[in-house]
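As structure tokens, the structure follows; a few thoughts come after it.
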Amino acid sequence: MSERTRTGGASREGLSEEDVHRRLEGRAEILKAARARYSTLASVLGARSWKRQLRARPELVPEWLRHAPDVTEALERTLRRAELEAWPEDTPVLVSARELAERGSRLSALARRRLASLAPVSGAPSLEADLPRLDALVRHPAPLALAPGEVLVFDGQQKWQASPNISPLVLLLLLTSVWLLVFAMLADALFDAGGAALLLMLLTVVPWLVVAMRSGRAMLTSERLVWKPMLGEPVAVPLASIPTGGIHLDPRLLNVRVDGARRAEVRHLQDAPQLAVLLELHRQAPLRGAARAGVRLGDVAIYPAVLREGTERRPGQAVLRPDGVAFLPEGCGAAALQALTGTATALPVEVEWVLEQLRWLPDTEFDACVARMVEATGGQRWSAWDASYREGAPVWQEVRITRGDAVLTGGVDWSRQAATERLLRSWPRGA
């Protein structure tokens, strides 16, 4: 039996390119066209300005996806037939098919890397799954303006606040000028003491400029976290998409990383710990979506206070209401948050942050949440009919409430003064 008869194909001498194309029934042409699409897509995703280039070619990913099933089928059939029929290794179509498979692997790894820079990923890389997700994320940048019904909850400032009139371009030019001056002075090994002092000053300024350019503005709304860096595009993470464990705080650098439908890296934010805690609160019940109403509870005054019982003295936060006052001790923020959400956290939680956010709830829910926090933290809750308040010093100086031998003292700032006086007037007379 001849070589051609045994393999069902042809010998090296007898197998022509026309034979291969005829046996593949148009699949060779599919593979040839696919090579151009793979090359174009790899070139775009591999560029430094890959997001801009991808937006400039809106047809690129849909076209690749439209042809992907045919290309996969053609590639599998070509490689399988080449193996069954023992095609020579240098058969042009076989060489092209193997090269296309390698390009596909490299493109898959590149697309996964680009996707991972924008959002959390899991599982094995898959171009059919990763490309449409990547294209959607790039094509729809986050709007900074609030949507109808969206309420601003928190507006964070960068650690080293630059003037709002200084643009990123000015900062970049300033940083470049400083570095050029530093290099020029270093090149002169004989500069005097005055030059050394100037160099020291410049080396102090440069880190500030670097941090300022890497920082930005973080806004927490009723629906999402919006991060607008000084340089780069804004990023928005829907609160509903943030899973348990999706909030990471670096207290040393004041960075917050959030992994949700998108990934946001909030850098060098002065209020980074507070932002992390508020994200944890608003991503889940009972506060998830509570701020959409846009109304905060008014009949409450929250202020720092000290509870004295005998010789024991405990600092904390007082919560004054029309029907009484609650006290939560200092240093129990994590327990208070867990009492509300049922989720343990390692974040540095301040009780005041939690209490202020509870004001987005209706009054009955607010009181129920405070009661849970009091129980979980070993605090106290006094009814207005059991406690006594007597007017004396102005409330900004001292609010003194007693029950038996226990005394709760504190002072409110000017913004809470009117509310505090109104609440205390509503208490039962003679209390």
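Run through region 390-431 and list the trypsin sites (Lys or Arg not before Pro) located in a DSSP loop whose Cβ has at most 14 other Cβ atoms within 10 Å. It would help to have the intermediate numbers written out before the result.
Details: sites: R390, R400, R403, R416, R422, R425, R429; in loops: R390, R429.
Counting only loop positions with at most 14 other Cβ atoms within 10 Å, the trypsin sites (Lys or Arg not before Pro) in region 390-431 are R390, R429.
Would you mind calculating the relative contact order of region 3-139 from Cα pairs under 8 angstrom and at least 6 residues apart, reporting the percent as a whole number?
Relative contact order for region 3-139 comes out at 32 percent.
Determine the shape class of region 328-413: with a ≥ b ≥ c the square roots of the Cα gyration tensor eigenvalues, call it rounded for a/c under 1.5, and otherwise prolate if a/b is greater than b/c, oblate otherwise.
Judged from the Cα gyration tensor, region 328-413 comes out prolate (a/c at least 1.5, a/b above b/c).
Quick one: grab the alpha carbon gyration tensor of region 234-359, order the square roots of its eigenvalues as a ≥ b ≥ c, and give me rounded if a/c is under 1.5, else prolate or oblate depending on whether a/b is larger than b/c.
Because a/c hits 1.5 or more and a/b exceeds b/c, region 234-359 counts as prolate.
Expressed in nm to one decimal, what extension gain is obtained for the pair E309 and T402 from 0.36 nm per residue of sequence separation less their Cα-Cα distance?
Full extension from E309 to T402 adds 32.5 nm.
Around V237, with a cut-off of 12 angstrom between Cβ atoms, what is the net charge of the other residues, counting Lys and Arg +1 and Asp and Glu -1?
So the surrounding residues net to +2.
Using all Cα-Cα distances in region 28-130, what percent lands in each 5 angstrom bin from 0 up to the longest?
2, 11, 22, 22, 17, 12, 8, 4, 2, 0
No lab work stands behind these numbers, since they all come straight from the coordinates. This one's a predicted model, so the numbers in the text were calculated from it and none came from an experiment. Cβ: placed from backbone, ideal geometry, glycine included. Neighbour counts: every protein chain shown.
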